[in-house]
Amino acid sequence: DNLAFSEAVEKLPSMFDTSSRSEIRYEPFFKRLVDHTRGRLHRKPDAMHLDTECTKTTMWLIVSFRSMIEKVWGMTIDERDDDGGEEEDIAVAEIVTAFNVSGVTALCIDLITVGIDVKLRLEAMKLGVALLFKEGGALTVQQTMYDHLVSPDSDLFFEQLRRTIVELEAWQTWREKDRSVPDTEDDIPDSLIVLRFMQLMCEGHFLHNQDI
């Protein structure tokens, strides 16, 4: 389903394509999808809330967005770490720009917060990693994240990162004490991707995100 969706969307022209007469362009289409989810997000005093129905559809949407990037790369975000380079950066530039200007980057930040379903939060981190992969740093995506994070409502994002890191520290301490079971990749928590996400936010010495 995710691949079928991405293939259908790829056929839509960009809003900057003056040669097309299509009334549907993919940047505004992405924005409508993003606005729908953000309209269902509600802030409580100490957590964000997204209803169950919208959580399911948003999960599907976030995975589809990442699939679109990975399809252009020809590899997953895990493979991109070792095998990707400038060629993949150029190939995916248009779709990343479309996502960024359509609010997808900001939505990732909104979903990496206290109160959001843990699986959806993880998928938002993975999409964030996909958006941020670029040799020397994805400057425009990094700047969008910074602009979103300087708002007063970003405290739940930082609190969620803090909680995730505390959980990872506890896991690491436990693994160091219990050497009876050999380490395997299956033992590594999925949430470890938060460290890659944070590192890529600051890639290329992007000082704004380093400081914040």
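The listed residues Lys177, Lys71, once ranked by accessible area (1.4 Å probe) with the largest placed first, stand as Lys177, Lys71.
Charged neighbours of Gly115, selected by a Cβ distance under 14 Å, balance to -1 (K, R count +1; D, E count -1). Computed with the Debye formula from one identical point scatterer per Cα of segment 1-107, without solvent, the log10 of I(q)/I(0) at q = 0.23 Å⁻¹ comes to -1.31.
Placing R0 at 25 angstrom, the Cβ-Cβ distance between Asp1 and Arg38 gives a FRET efficiency of 0.65 after rounding to 0.05. So the label point goes 7 Å from the Cα of Ile24 along Cα→C-beta, right? Which residues of segment 72-104 then have their backbone N under 18 Å from it? Of the residues in segment 72-104, 99 have backbone N under 18 Å from the label point off Ile24. For segment 1-84, applying the loop criterion from DSSP together with a ceiling of 15 other beta carbons within 10 Å to the GluC sites (Glu not before Pro) yields Glu23.
What FRET efficiency comes out for the pair Ala93/Val118, r = Cβ-Cβ distance, R0 = 35 Å, nearest 0.05?
0.65
Please report the carbon-and-sulfur percent of the accessible area for the chain; probe 1.4 Å, protein heavy atoms only, DNA, RNA and ligands left out.
On the chain, the fraction of accessible area on carbon and sulfur atoms equals 53 percent.
May I ask for the distance between the Cα centers of segment 23-94 and segment 96-163, given as a whole number of Å? Here the two parts' Cα centres lie 10 Å apart. Pairs of alpha-carbon atoms within less than 8 angstrom and 6+ residues apart define the contacts here; what relative contact order does the chain have, in percent? Once normalised by length, the contact order is 21 percent. Provide, in order from the shortest bin, the percent of all Cα-Cα pairs of the chain in each 5 Å bin, continuing until the bin that contains the maximum pair distance. P(r) for the chain, in whole percents per bin: 1, 7, 14, 18, 19, 17, 12, 7, 3, 1, 1, 0, 0, 0. Across Asp78, Asp110, Asp17, mean-square fluctuation computed from a Gaussian network of the chain (C-alpha pairs under 10 Å connected) peaks at Asp17.
Largest mean-square fluctuation among Ile77, Ile193, Ile90, in a Gaussian network model of the chain whose springs join Cα atoms under 10 Å apart, belongs to Ile90. Note on His49 and Ile212: the model spin-label points, each 7 Å out from Cα along the C-beta direction, lie 2.7 nm apart. Where a Cα-Cα gap under 29 Å defines reach, which lysines qualify for Lys177, not counting those fewer than 8 residues away within the same chain? Cross-link targets: Lys119.
The values are calculated or read from the model by the stated rules, or taken from the named source; none is laboratory data. These figures come from a predicted structure and were not determined experimentally. A quick note on method: Cβ atoms are made from the backbone with ideal geometry, for glycine too, and the neighbour counts reach across all protein chains shown. What goes into the accessible areas is simple: the full protein's heavy atoms, side chains included, and nothing from ligands, DNA or RNA. Shrake-Rupley method; radii C 1.70, N 1.55, O 1.52, S 1.80 Å.
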